[in-house]
Structures are given as C-alpha cells and as structure tokens.
1. Within the stretch A:165-181, take every residue that is at the interface with chain C (Cβ under 10 Å from one of its Cβ atoms) and surrounded by fewer than 23 Cβ atoms within 10 Å (Cβ to Cβ) and give me the one that is farthest from the chain's Cα centre (by Cα).
2. Looking only at the stretch B:217-236, filter to residues that are part of a helix (DSSP H, G or I) and away from every other protein chain (no Cβ under 11 Å); which one of those is farthest from B:Leu294 (Cα to Cα)?
3. Out of the residues in the stretch C:86-119 that are small (Gly, Ala, Ser) and not in a helix (DSSP H, G or I), which is farthest from the other protein chains (Cβ to nearest Cβ)?
4. If you take the residues of the stretch B:58-92 that are surrounded by fewer than 16 Cβ atoms within 10 Å (Cβ to Cβ) and either under 28 Å from A:Tyr130 (Cβ atoms) or in contact with a Gly (Cβ under 7 Å, 6 or more places away or on another chain) (or both), which of them is farthest from the other protein chains (Cβ to nearest Cβ)?
5. Among the numbered conditions (1) more than 9 Å from chain B (Cβ to nearest Cβ); (2) at negative phi, tell me where A:Val142 comes up short.
6. Could you tell me which numbered condition A:Ser107 fails, if it satisfies all but one of (1) in contact (Cβ under 8 Å) with a residue 60 or more places away in the chain; (2) facing another protein chain (nearest Cβ under 7 Å); (3) over 14 Å from B:Ala31 (Cα atoms); (4) among the small types (Gly, Ala, Ser)?
7. In the stretch B:38-57, what count of residues is obtained for those that are closer than 19 Å to A:Val142 by Cβ, surrounded by fewer than 24 Cβ atoms within 10 Å (Cβ to Cβ) and of a type outside the set (A, V, I, L, M, F, W, C)?
8. Report, by residue number, each residue of the stretch B:141-172 that is facing another protein chain (nearest Cβ under 7 Å) and not basic (Lys, Arg).
Amino acid sequence: MSGRPGILFFLGVGLIVLFAGFPFYYAVVSSFKSGSDLFEVTYLPMFDLANYRAVFTEQPFGRNILNSVVVALAVVVLSLLLGLLAAYALARVSFRGRGLLLATILSVSMFPQVAVLTGMFEMIRAFGLYNSLPGLIVANMVLTLPFTVWVLTTFMADLPRELEEAAFVDGATPFQVVRLVFLPLMGPAMAATGLLAFIVAWNEFLFALTFTLTNDMRTVPVAIALITGATQYELPWGNIMAASVIVTAPLILLVLVFQRRIVAGLTAGAVKG
Amino acid sequence: MVQARIGLAKSGLAKSGLASQKVRAALWFLAPMVLALALAAGWPLGRTLYYAFTDATLSDMADHGFVGFDNFWNPEWGGLFGDAKWWRAVGNTLVFTGASVGLETVFGILIALVLNRPFRGRGLVRAAVLIPWAIPTIVSAKMWGWMLHDQFGVINDMLLGLGLIEAPIAWMANSATALGAVIAVDVWKTTPFMALLVLAALQTLPGDIYEAARIDGVSRLRVFFRITLPLIRPALMVAVIFRGLDALRAFDLMYVMAANNADTMTVSVFARQQLVDFQDVGYGSAAAALLFVLVAVMTAVVLTLGRVRMGAAR
Amino acid sequence: MTAALRLSGIRKTFGRATVIRDVDLDIEEGEFIVFVGPSGCGKSTLLRLIAGLEEITAGDLFIADTRVNDVAPAKRGVAMVFQSYALYPHMSVFENIAFGLTLGRHDKAAVAEKVRAVAATLELSDLLDRLPKQLSGGQRQRVAIGRAIVREPRVFLFDEPLSNLDAALRTQMRGEIAALHQRLGTTMIYVTHDQVEAMTLADRIVVLNGGRVEQVGAPLDLYRRPANRFVAGFIGAPAMNFLPVAKLPPAWRKGGGAVTLGVRPEHLILDPEGPLAGTVKRVESLGDSHLLHIALEAGGDIVLRGQGAADVRSRQAVRLGADPGDLHFFRDDDSAISRA
C-alpha cells in the first residue's frame, strides 16, 4: 500500500493480465488454425481465414448475429425507455408504496431464470411467439429491466432538486422535466446502463435456447453452443473458436472504450443497493 | 397489485398542486414498467408455481391434473425429495456456489489491492481485467472447453511441459475434476466483477488512515486485516450476496461445458432437463419452484437484515 | 388597494413537525418584502409554499385575489430565483432564459426578441451562446434573474440568491436587484439570513422565528421599535445588550412590568457620571469604530460600540450611560413595552 512497486509487484500484475487475457488470446490463435494444425498446441498466431469462412457458409451465422443485434438493441431501447420514466417516479416523487416497489424490483433481478421458464414458455406459445425474435425480446426484459430501473433510479436521485423545481416554475410538466431537463443530464448514466443491458441481452442463453427451434431464429450464443461436426465426438473447434472471436471482439472493444462508464454503472447498481 | 398500493399521498385526485401533479405523473410513468415486469416476470412465475402442483407435460400443457404435493414428495416414486439425482444437483449447486464465490472473493480482493496502487499502465490493466467479464458465458465455456480438451488442450500441454502431470487428464470426463473445472472457469469469468466492486470500495477509503498506520509502524498485513477489511466489509458483503444469489441459479456454464452430465448438473440444469428434454412440466416446475423459494427466502433475509442494519446506523 | 398577495392562516407540517404556524400576511402591489430569520425558522419553506413547490397544509394563499393553494407553480404568475441558480447545465444562456417561453406555443421570433431584450438589460447580450459552466458566479446569477424576468411574473421570489457569491460581488448584486425592483416595480419577496440585505433592500421586513411571524415592519421601524426580545436581538449588529431590570440603578428602571432592559451597543456611551460601572475586558478596533466588551459590576457582560478609535484600554474601570430615549424594556413574556 505504500512505497515503490517492486519487481514482485509487477510480476503479480503480469500474472493477472496473463490470467485474464490468455484464454481469449488462445481462442484467437486457434481460430486461425485449420485442418490438422488445430491438433498441435502452438502459442503464436498464424493467419488462415478458413474457419471464419466456414462459420458463415456452414450455418446461417450472419443471420444469427443479426438476430442477436435486433434482440439486444430492442431490449436496450425498451429497458431504457421504461427504466427512465420509472426512475423519475421512484427517485423524485414521494408516494406510498415506493419502498415496497423498489424492493420488489430488486427481488425480480434476483429471480432464477429457470423459475419463469415454464410460465414464459406457455405465454410465448399462447401469443404465437415461439421461435420468434419478439418472444425473446419479451423474455429478456426480465433480466434487463429490474437493474436498469435500479441503476437509473440511483443516478436520477443524485440530480439537484432545484433544477427540477426551476423547470416546474417555468411551466414544465413532469414529462417535460424528464425529457428536456433530466434526460440530457443522464447521458452518461444512460450509456452505462444501456451498455450493461446490451451485454446481458447479447449473452443471454437459456431463453434463447428454449424458445427457439430453427437455426435461423437462434441468437449467437445458442448458435455457438450448438455448432456440431460430422459426429458428436468431432466438434469443429476451429469454427467454434472463430465464431467465438467474432461475437466477443466487439464486446471487448466496447469494454475497453467504455471501461470507466461500465464500472460506474456496475458500482451504482451494487454498492448503493 | 403493486399499483393499487401506490395510494395518492392524502391529497386526492381533484387537486392540481405540484405534489399531486407529480404523483399522478408518477403513476403513468410507473405503469409501463410495472406492466412489463408483471407480464415478463410476475405472470410466468405464478404459472410456474402453479404447474409445480400439476402433472402437465410439454406437448400439451393445457391437459393436466392437479396432483398436490406429489411432485415434491409422494410415497410411490418419491418425488423431488426422494430423487437422488435432485439431491446431487442441490449438492453440486451448493458446492459450486460456495467454492466459486469464496475463491472469487479472495482473488477479487487481491486483484483490487494491486489495482488500487498507482502505477504506470494501471488503466490498461484494469481494462484487461474486465475482458473475462465481457466475454459471453457460452463463449467462455467453449474457449475453456477447448483449452481443457483431453488430447489437444493447451492446459494439458502446459502441465505436461512443466512436468506437473505425466499423462493428459480428461478434465470434463472425469467426475473428480469436472465440477472443479467448471468452478475454475466461473472464477475466471466473475472475479473481475468482484475485483471492480472491491476496488470501488477501496477508492472511497480516506488515505490519512493509512498515513497514521504507517507512522505507527503497523505491518501491512495487520493494516489490511485491522483497517482495510472492516472498512470495505459492507461493500464486500453486498458483492458476495449478489454473486451468491447469481451462482445459485447458474446454468449456461455447466450446460455448455458438460450438457446434462450428473457430475456438474445444477438445480437450474436439472429443472430444464425435466422440463424440456423429459417434457415433464410438473416435475421441472416443482424443481424450479424450490430454487425460486430458496433464492426468495435468501433475498428476503438479506433485504430485511440490510434494512435493520441501515436503521441501526441511523 | 388590493393586496398582491395574501397569506391567511398558512400552516405547513412535515409529518409530525410543524414548520410554519398560522402565518397571516398581506403584501401590497410593488412591495419589496424580505423574509429574515435564523436558519430553520421556516423562511425558505414559506417562500416555497408561495411558489407552489410545497403543498400548503392549512390556510389560504391568494395571489391577486385568486386562491392559489391548488394551482401549479407555473400558473401562479410567480418566478423564482434559486440559491444555487438552478441553471440548466446543458442549455446555453439563451436557451436557459427562453426555456419557460418555449414550453408553450410561442412564436419563435417573438421569444428570441424577448430573450434578447431581457439579456440586454442584464448585460448578458455577449454571453447568450455560452453554457452556464463558462460563466462567473455573478453572470450565472444574472442569467437566473433573466430567466425570471422574461416570464413577466406578478411576483418575483428570491431564495437567498446571493449567498453563494463573495462579499464584494454580493454588494454589487444587491445594488442590481434594488435597481431592478425600481425599474420593474413588481412585487418581490426575498429570503435571506443576512440582515444587511434585509435592511437595505426591504420596503418591509418579515421576521420569522420557529415558523411564526415575530414582527412585520419597515426596516427602521424594526430597529427602533422591536415588538419583542427576539426581534430586538435579531435586528442590529452587534446584537442588543439585555440586562435584568432588577439589578439596575433606579435611573434605568421602569414600571409597567418591565423585567428586561435592552440597549444597543451603538447607543451606549462612556460617561463618568453614567449609572453603570464596569471593567473593560477587551477592545476590538474596527477602524471606523470600536467595540468594548465590558464586565459590569452588577454582573453580566455588555458591549459598547463607539466611533473612531478607542481611548480606553483593557482592565480599565469605566462608567456607562445612555440616552433614556434609546432604552428598550421588555415584559417577562418578552414582549416590548411600547415606546413613545
């Protein structure tokens, strides 16, 4: 905690970085190897795009990516919209039952996904949404909406009261206060929360696995999990690694760029809770 | 139901003052969110709990009979409480939760302590630590599945190269190592979350405490256990609870790494297997319902304790 | 003449705590009224009740003869300047001033013209494109005032608007607000804890304490004829000296149930024939004047304010006197015995 960091310290730092980064690095290395090269462990990359071509030709992976993007974006937009309005009510209006509502929302974010599986399955079939993207969008809201509301509420509560009052004296309605005064100030919070919601929806597996049937309705995680080879015992590891790198690289880029905001969002959701 | 409880604060609807205007707006603002949650969480949960007391099957869920507590316990075939596979899943879930949250906490604190110290390139290292967290669980499972491959895996290659093992190990096929491997992957993936929360807590600590301790000549280890740990304990507890509740419902990792293998099967995997693969909606829902009750009770306890402690602090 | 504003039996409670107790007050058109009192006396709450930011628990509030208890803030014809200015940080000066006008269906050109006119009177014309964070404290204050003026309110409300400024700027802005009131002639209500602001700005001062109105009156009235011990002690600096009548020489006693005598430091004089004897404990020189802290022989301390430099030293024995016309007397319920 004090003094100059020594060699041992930097060795530790190196170990942490290696531990965190090596699996992805190794996935990249493997994704560029095809044929029998794959079955020889090497630590330096070569450059063979065969696996990447195969991923897109042997299955509708482009379509899977599109599905994931559509679902994740829709979930983010819906969550932020509903979350922002709810956050105003929860953070800045005092009404009876507010604490209870907040506790309920927090508990929903703790729900085991599998506990809503039966009922969700029934509902999705009843609405004719089985094997469709709208079905997945509805299902994903369980995962993203509670923490979106929670995080936005904590951010909203930190905005100065006088700003809101000035707007009311100026003649704004509550909706105008949210749209014209608070929303522009919530930019960073919305970005952080939206990013977290995007990652959650992009990574979601159980619902997508259970509520889709055909290859062209699957999202990326399911598609990757279900990539199979000629026989059950011969998984096409090269293709799997290539697909993994394709869906992970944008996320890693996002995380590296928005690191600070993500941390702010995560800690606002957890530490203040 | 929730809406009905949000009464207007004694003013009544007829008034048009600011407070009542805000309360009315709040109702409209909350309605879409409450509706969405009721639709996506409340209703499905209620139906799951209902089906737990039926003998419904997936092919025709509407055609079912009410069987009371038979799915949980009955003299003929035992129900969940008489199902060895269920108890195995419960055991796996608890071991998985305990081990992975415990290890994550220790590693998370260590990494946070390292990152809390200013050095050149710290921002970069902090970003690198976030990588495992950002990688989809499915992808982590596949990546590690490949690294742990019995014949061509890099882990075996490294261990052989270092002379730590003599023959390749079939990590996932071996019931002694399968759960351990899954735990290791989970620790790799979620330690960053823990580290960041601890780091955030560390950075709120005032520096002068350490100055004082250093002047008093207290050893670093003592400073950590006597000063740092007690100060970050509230934040640490929150993180541990969040992660614990999250680990209890784990599904993706073991499902992708080992499918329905009994060695790694958690309660969530068990429930889904009954529900989807065996088409036994009643039995699967009963398992899901038990998991829900467990998590709900723990959440309620945590929320109540949290409130009591907050009350005491005031 | 009808009152611009009438408060009748106004009460405000938060939960079990009563912060405003049955306040009655008539404010006339064009008056400059200052609410003053120690922190927690309810002056800001009273202003917020008038603005409509808090709900009135009991009583009636009239603005120009209309009962406005349940009317939304914007429809009361009031404009408010907040302590923290409350400028919208993401809007330019122009947008800040125009915000209230653009919410309704206004002609854009007309709004722009109005905003420019207001900006010109406040010397903000060159700053219209700036963001609040690019402005100095005084400029921000002027934008906040501009935002209020542009709405052409019937009543201006100021909530400690100068407390975030440094001393020099505060004096300057005080002058600008006084000039603004002269120019517009609009009713203004101004909350402050600073009695210099209250004395210099107000047509009438409302002294609040514990949620109650202690006295309403012109500044010099409050100074000369405080209604009770609280007002007597609150108005004037350094504060009035209070002495128990029983311990005083006969010359300074008075009938009619007087138990306490009050005398302002500036009214005490050193007088070898004076009725009070004491010893100088400490001398504070302020340049244009000086303060003597004196321990009285009869017990208790007293402060004297004299002009120029002090010609006594610490530990020196002195005698004090005052013009009998400058003495105040209070009953045991703290009310003042009225003076001629």
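1. Step one: filter the stretch A:165-181 for residues at the interface with chain C (Cβ under 10 Å from one of its Cβ atoms), giving A:165-173, A:176, A:180-181.
Keeping just the survivors that are surrounded by fewer than 23 Cβ atoms within 10 Å (Cβ to Cβ) gives A:165, A:171-173, A:176, A:180.
Details: A:Glu165: 35, A:Gly171: 39, A:Ala172: 35, A:Thr173: 34, A:Gln176: 30, A:Leu180: 28 Å.
If we take residues in the stretch A:165-181 being at the interface with chain C (Cβ under 10 Å from one of its Cβ atoms) and surrounded by fewer than 23 Cβ atoms within 10 Å (Cβ to Cβ), then A:Gly171 is farthest from the chain's Cα centre (by Cα).
2. Initially, the stretch B:217-236 is screened for residues part of a helix (DSSP H, G or I), giving B:220-236.
Among the residues that remain, those that are also away from every other protein chain (no Cβ under 11 Å) are: B:222, B:225-226, B:229-231, B:233.
Details: B:Arg222: 38, B:Phe225: 32, B:Arg226: 34, B:Leu229: 29, B:Pro230: 29, B:Leu231: 30, B:Arg233: 25 Å.
Per the stated criteria, the residue is B:Arg222.
3. Quick first cut of the stretch C:86-119, residues small (Gly, Ala, Ser) only: C:86, C:92, C:98, C:100, C:104, C:109-110, C:112, C:117, C:119.
From what is left, the residues that are not in a helix (DSSP H, G or I) are C:86, C:92, C:104.
Values: C:Ala86: 4, C:Ser92: 12, C:Gly104: 7 Å.
The qualifying residue farthest from the other protein chains (Cβ to nearest Cβ) is C:Ser92.
4. Selected residue: B:Trp73.
5. (1)
6. In the conditions (1) in contact (Cβ under 8 Å) with a residue 60 or more places away in the chain; (2) facing another protein chain (nearest Cβ under 7 Å); (3) over 14 Å from B:Ala31 (Cα atoms); (4) among the small types (Gly, Ala, Ser), A:Ser107 misses (1) alone.
7. Counting residues in the stretch B:38-57 that are closer than 19 Å to A:Val142 by Cβ, surrounded by fewer than 24 Cβ atoms within 10 Å (Cβ to Cβ) and of a type outside the set (A, V, I, L, M, F, W, C) gives 4.
8. Let us first name the residues in the stretch B:141-172 that are facing another protein chain (nearest Cβ under 7 Å), namely B:142-144, B:146-147, B:152, B:154, B:157.
B:Met143, B:Trp144, B:Trp146, B:Met147, B:Phe152, B:Val154, B:Asp157, listed by residue number.
The values are calculated or read from the model by the stated rules, or taken from the named source; none is laboratory data. Keep in mind it's a predicted model, so treat the numbers as computed, not measured. Cβ coordinates were reconstructed from backbone atoms using ideal geometry, including for glycine residues, and neighbour counts include every protein chain displayed.
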